[in-house]
Amino acid sequence: MSLIVEYDIETTITRSGENDMKTKLINWFEKRKKVHQEKMMKLGKCPDCRGYGVVIVPIHYAGSNIECYKCNGTGKFSEWEKNTQ
Ligand SMILES: [Zn+2]
């Protein structure tokens, strides 16, 4: 009986630990994204293409650059904001 209880406690700790890691990772990622967006906002540039108006695609087809759909190829933060909301 006591063995089962101990096992359950251990599993619970492991599970919560995993979730904690995931939450931390997501928070870190979101924070990084936010910092980047704020930086681009100050520069008035689209965070997705960094103001280039094009996104570099790793797959080689029809040229390797495609127009950034988030800012309609303008590279402007104001356009990006309109398409994000
Ligand atoms: Zn863009």
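Throughout, read-outs are computed from the coordinates displayed, never taken from laboratory work. The model shown is predicted, which means the values in this text are computed figures rather than measured ones. Cβ placement follows ideal geometry from the backbone for every residue including glycine, while neighbour counts extend to all protein chains displayed.
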Mind ranking 17-28, 36-47, 69-80 by how tightly packed they are, going by the mean number of other C-beta atoms within 10 angstrom, highest first?
-> 69-80, 36-47, 17-28
Around residue 51: net Lys/Arg minus Asp/Glu count, Cβ-Cβ under 10 Å = +2
Given 0.36 nm per residue, what is the gain on full extension from residue 18 to residue 69 after removing their alpha carbon distance, in nm?
-> 14.8 nm
In whole Hz, with x marking every Gly and Pro, tabulate ³J(HN,Hα) for the range 44-56 from phi via Karplus 6.51 cos²θ - 1.76 cosθ + 1.60, θ = phi - 60°.
-> x, 10, 5, x, 6, 10, 6, x, 7, x, 10, 10, 7
How many nm is it between the label spots at residue 38 and residue 83, if each spot is 7 Å from the Cα in line with the beta carbon?
-> 2.5
Please tell me which of these pairs span more than 28 angstrom C-alpha to C-alpha: 31/82; 33/82; 39/70; 22/76; 22/45?
-> 22/76; 22/45
